[in-house]
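My questions all concern the structure below.
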Amino acid sequence: MGKAAAPCGSGAPGPVLLLSAVPCRARRDLPAMSAEPGGRATAAGAGPPAAPGSDTYKGWLFKWTNYLKGYQRRWFVLSNGLLSYYRSSATVRSDGSAWKRVKSTPVPARRMGTQAEMAHTCRGTINLSTAHIDTEDSCNIVLSNGGRTYHLKANSEVERQRWVTALELAKAKAIRMRNNQSDDSGDEEPASQSDKSELHGTLKTLSSKLEDLSTCNDLIAKHGAALQRSLSELENLKLPAESGEKIKAVNERATLFRITSNAMINACRDFLDLAETHSRKWQRALQYEREQRIRLEETIEQLAKQHNSLERACRGAPGLSSSTTGIASTAKGSVQSAKGEASDEDEETEYFDAMEDAPAFITVTADPKHHRRSGSNLSGASEGHPEDWTLEDSVFESSNQSSYNESTCKDLLPKKRRRSRIPDKPNYSLNLWSIMKNCIGKELSKIPMPVNFNEPLSMLQRLTEDLEYHELLDKAAKCESSTEQMCFVAAFSVSSYSTTVHRTAKPFNPLLGETYELDRLEELGFRSLCEQVSHHPPAAAHHVFSTRGWTLWQEITIASKFRGKYLSIMPLGAIHLEFHSSGNHYVWRKVTSTVHNIIVGKLWIDQSGEIEIVNHKSKDKCQLKFTPYSYFSRDVPRKVTGVVSDANGKAHYVMSGTWDEKMECSKIVQSSHGNTSMEGKQKTVYQTLSPKVLWKKYPLPENAENMYFFSDLALTLNEPEERVAPTDSRLRPDQRLMESGRWDEANVEKQRLEEKQRAVRRRREAEAVEALEEGKDYEGYIPLWFERKVDAVTGELICVYKGGYWEAKDKQDWSTCPDIF
């Protein structure tokens with residue numbers, strides 16, 4: 001969308017806009033002004049400035065505001081190297097009291113004081129000393145300073161040139177003033193007593209020289225007067241005419257000499273007065289800067305003391321003390337015994353910030369070798385034995401050693417050779433705003449989008465991609481302790497977000513009845529099946545069976561809203577996980593995903609919210625908090641923290657890490673109640689053993705940035721396979737065309753499939769109306785491989801796998817599958 005046109009030349013809207021800027025005397029000071037908040041800092045305007053010869057220039061210009069209002073008339077003031085603008089102007093007296101609104105007729109400069117803005121509010125200011133001045137056409141002026149840009153439009157080319165001249169002169173003057181200030185300031189310290197003595201000595205010398213000049217002036221005046229008297233006497237003598245003329249000429253020259261010497265003395269006196277005046281101003285400025293520096297030093301000292309006291313308070317929980325070396329994640333701490341003697345420093349001590357909307361806690365890592373039981377100072381709320389956290393622990397040790405090195409990765413590679421790359425993503429450009437501007441507040445699944453914003457995977461395949469770190473569940477199945485098993489389940493729930501950090505493209509919306517299978521039974525021990533069971537609202541059912549001791553199922557409905565600047569994606573529905581041997585049944589829900597910079601800037605995705613994982617058999621719980629990104633936060637980006645507790649609320653493990661890199665688990669040895677925070681919450685201090693890595697993200701394949709940032713598993717999800725159902729996502733033609741780089745054909749095919757689906761929906765709606773008229777029941781769409789049941793644990797109506805798919809695949813009997821492609 002282009003900028004709205006502004007008057008230029010003969011297109012002036014009225015006589016008010018033709019009011020010439022009024023030159024006035026330079027103002028002594030200019031109030032502090034800030035940039036106009038929000039939106040683009042661009043401008044455009046029209047209106048003539050004052051003559052470039054004055055120190056202050058004012059006038060009307062048109063300023064570009066935004067795409068809704070276009071160019072708006074603003075009052076601009078150029079003074080002291082600063083260009084400021086106001087919403088409107090008012091005539092005020094020199095003493096600041098308002099007179100009346102500026103009329104259409106010009107007002108003489110002598111009757112006008114300073115033009116003030118309405119409500120006395122400056123809308124923005126730009127410093128010309130570092131600004132770049134450019135002209136776009138006959139009427140436009142562009143001022144840019146760092147990240148701020150003003151687009152101005154004058155009323156005519158002549159007026160534009162007058163403004164440019166004034167701006168250039170003001171910029172040059174501002175640069176000279178800045179350079180002079182930098183030269184004068186140098187690197188010296190604020191004025192000291194020696195500086196004052198030197199300054200007074202200089203003034204004393206100047207005064208002495210001035211007195212010498214005055215003495216010389218008196219002598220010159222005395223001798224000049226005597227000379228003139230002598231010449232006058234000579235004129236009175238009767239001398240030849242030629243001699244009289246010469247004497248007269250000498251007399252005139254003596255008079256000029258006396259006048260010149262007097263002027264020189266006066267100039268020297270003025271110089272001395274000026275030097276004395278400026279010296280007082282310099283002294284006041286230096287004194288102010290010195291006082292400001294003293295206040296700043298006092299403030300910093302006070303902040304340092306407060307920071308030190310906060311450190312002590314943070315580590316001053318009962319029974320615990322720590323060294324003053326730091327409070328960050330690498331800070332050192334110590335455990336205080338009952339007698340108050342501090343133990344040896346532990347270099348692995350970590351402190352975790354308190355979680356909002358959850359019990360606040362701090363953890364202090366202790367070395368098992370140096371761990372000692374405390375006396376009554378420590379609460380018995382959560383106590384463990386360090387010998388339970390030994391290196392011989394088979395499950396945790398296996399997750400902490402070679403699970404993520406190259407040898408293990410090779411062991412996890414499928415036996416069947418699968419593809420490791422796809423065609424590079426074409427470099428097609430498309431204006432997102434042209435599509436999204438009419439979609440604000442609408443459901444994303446109802447917006448027709450070209451494939452340019454997609455990735456060549458469907459939502460069913462993205463759902464299956466959560467199984468990339470399925471080995472965490474294989475290890476969890478081997479755990480004998482339910483709380484240890486909960487740690488692996490929590491790490492698995494976080495790992496599903498690791499693939500989203502760079503994946504800002506939208507997956508294809510599945511068609512109703514579309515399916516996707518991932519059969520890795522022989523290679524990885526599991527089979528996965530997804531089916532799109534509803535179109536509005538879009539819902540997908542997912543079922544995974546593993547021969548290594550676990551089953552996972554879920555029904556996910558994606559609710560998404562476009563908010564103008566960002567896109568919120570809210571997965572609705574519970575995820576169920578059951579282990580065969582123990583019967584432990586875990587349930588949790590996903591957090592909200594947010595895609596930022598939809599309109600301007602680079603897209604980036606963030607996860608925020610909380611996940612509560614509940615074991616409905618043992619009643620164990622894990623509360624995970626996904627901290628949203630904040631520019632002002634000192635926390636690690638994408639931070640995840642949590643605590644694993646049993647049915648009695650006793651904490652056993654602390655979870656920490658990031659959702660895009662790794663998750664660690666620390667066993668709690670002891671806990672105590674610390675000081676009350678500023679919000680009134682009481683912090684719980686957990687003393688833990690050294691953390692162990694449960695999950696770490698696999699590195700992306702080579703050239704991933706040109707392959708939609710797909711992981712190794714994602715590259716294989718759309719690989720063509722034989723014997724799959726005719727409704728499988730791999731057979732979707734528009735998705736296949738996009739993967740091949742034929743985006744134009746993919747867009748045409750996508751429209752065909754969507755129109756075909758709409759026709760099926762209209763026919764189904766007609767059947768429903770006909771059944772209603774006949775008094776019959778109409779069941780609507782019935783999922784093919786899933787059926788709706790009330791979940792016994794959550795009480796929700798969900799789609800669960802009813803069987804038959806893998807048997808149909810073995811027989812290659814797909815007669816019940818609908819024709820959706």
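The values are calculated or read from the model by the stated rules, or taken from the named source; none is laboratory data. What you are looking at is a predicted structure, and each value in this text was computed from that prediction instead of being measured. Cβ coordinates were reconstructed from backbone atoms using ideal geometry, including for glycine residues, and neighbour counts include every protein chain displayed. Note: accessible area is taken over every heavy atom of the protein model, side chains too, but ligands, DNA and RNA are not part of it. Shrake-Rupley method; radii C 1.70, N 1.55, O 1.52, S 1.80 Å.
What is the sum of charges, Lys and Arg at +1 and Asp and Glu at -1, for the other residues whose Cβ falls under 10 Å from the Cβ of residue 598?
+2
Could the peptides 76-84, 555-563 be put in order, highest first, of the mean number of other beta-carbon atoms found within 10 Å of their residues?
Descending mean neighbour count gives 76-84, 555-563.
HN-Hα J couplings of segment 603-613 from phi, Karplus 6.51/-1.76/1.60, θ = phi - 60°, integer Hz, Gly and Pro as x?
5, 8, 10, 9, 10, 8, x, 10, 10, 10, 9
With all pairs of different alpha carbon atoms counted, what Kirkwood hydrodynamic radius in Å does segment 759-821 show?
When all Cα pairs of segment 759-821 are included, the Kirkwood radius is 14.5 Å.
Starting from the Cα-Cα distance between residue 522 and residue 629, subtract it from 0.36 nm times their residue separation and give me the gain in nm to one decimal.
34.4 nm
Any idea how far apart residue 257 and residue 173 come out in nm if each label point goes 7 Å out from Cα toward Cβ?
4.2
Note the direction-averaged projected area, equal to a quarter of the hull surface, for the Cα convex hull of segment 642-756, in nm².
Computed as one quarter of the Cα hull surface, the answer is 14.4 nm².
Now for a separate question. For 466, 270, 212, give the ranking by accessible area with the largest first, probe 1.4 Å.
270, 212, 466
Pop the C-beta distance of residue 68 and residue 815 into the FRET formula with R0 = 45 Å and round what comes out to the nearest 0.05.
For residue 68 and residue 815, the calculated efficiency is 0.20.
Which value, in Å² and to the nearest 10, is the accessible area of residue 255 when all protein chains are kept and the probe is 1.4 Å?
Roll a 1.4 Å probe over it and residue 255 shows about 40 Å².
If you don't mind, there's one more thing I want to ask. Remind me, what semi-axes does segment 719-788 give for its equivalent ellipsoid, largest first in whole Å, using sqrt of 5 times each Cα gyration tensor eigenvalue?
Taking √(5λ) for each Cα gyration eigenvalue gives 33, 18, 6 Å.
I've got another one for you. Can you pull the one-decimal nm distance between simple spin-label points at residue 165 and residue 788, each 7 Å off the Cα toward Cβ?
8.0
Can you compute the modelled spin-label distance between residue 87 and residue 277, with each label point 7 Å from Cα toward Cβ, in nm?
Reported label-point gap for residue 87 and residue 277 is 4.0 nm.
Once you have the Cα-Cα distance between residue 781 and residue 806, take 0.36 nm times their residue separation minus that, and quote the gain in nm to one decimal.
6.8 nm
Here's a follow-up. How big, on average over all directions, is the shadow cast by the Cα convex hull of segment 470-614, in nm²?
9.4
So, with a 1.4 angstrom probe, what is the percent of accessible area on segment 487-538 that is carbon and sulfur?
In segment 487-538, the share of accessible area belonging to carbon and sulfur is 51 percent.
As an exercise, identify the GluC sites (Glu not before Pro) in segment 711-771 lying in DSSP coil whose Cβ has no more than 12 other Cβ atoms within 10 Å.
When the GluC sites (Glu not before Pro) of segment 711-771 are filtered for loop state and at most 12 Cβ neighbours within 10 Å, 722 remain.
Using amide H atoms built 1.01 Å from N in the peptide plane, name the residues 5+ places from residue 457, or on other chains, whose amide H lies under 5 Å from its own.
Here the answer is 508, since their amide H atoms fall under 5 Å of that of residue 457.
I would also like to ask the following. Are there any GluC sites (Glu not before Pro) in segment 779-808 that are in a DSSP loop and have at most 13 other Cβ atoms within 10 Å? List them by number.
779, 796
Can you tell me the FRET efficiency between residue 424 and residue 756 if r is taken as the Cβ-Cβ distance and R0 is 30 Å, rounded to the nearest 0.05?
0.50
Out of all Cα-Cα pairs in segment 572-698, roughly what percent, to the nearest whole number, are more than 19 Å apart?
So the pairs more than 19 Å apart make up 62 percent of the total in segment 572-698.
Now for a separate question. Under the √(5λ) rule applied to the eigenvalues of the Cα gyration tensor, what semi-axes describe the equivalent ellipsoid of segment 695-821? Give them in Å, descending.
34, 23, 16
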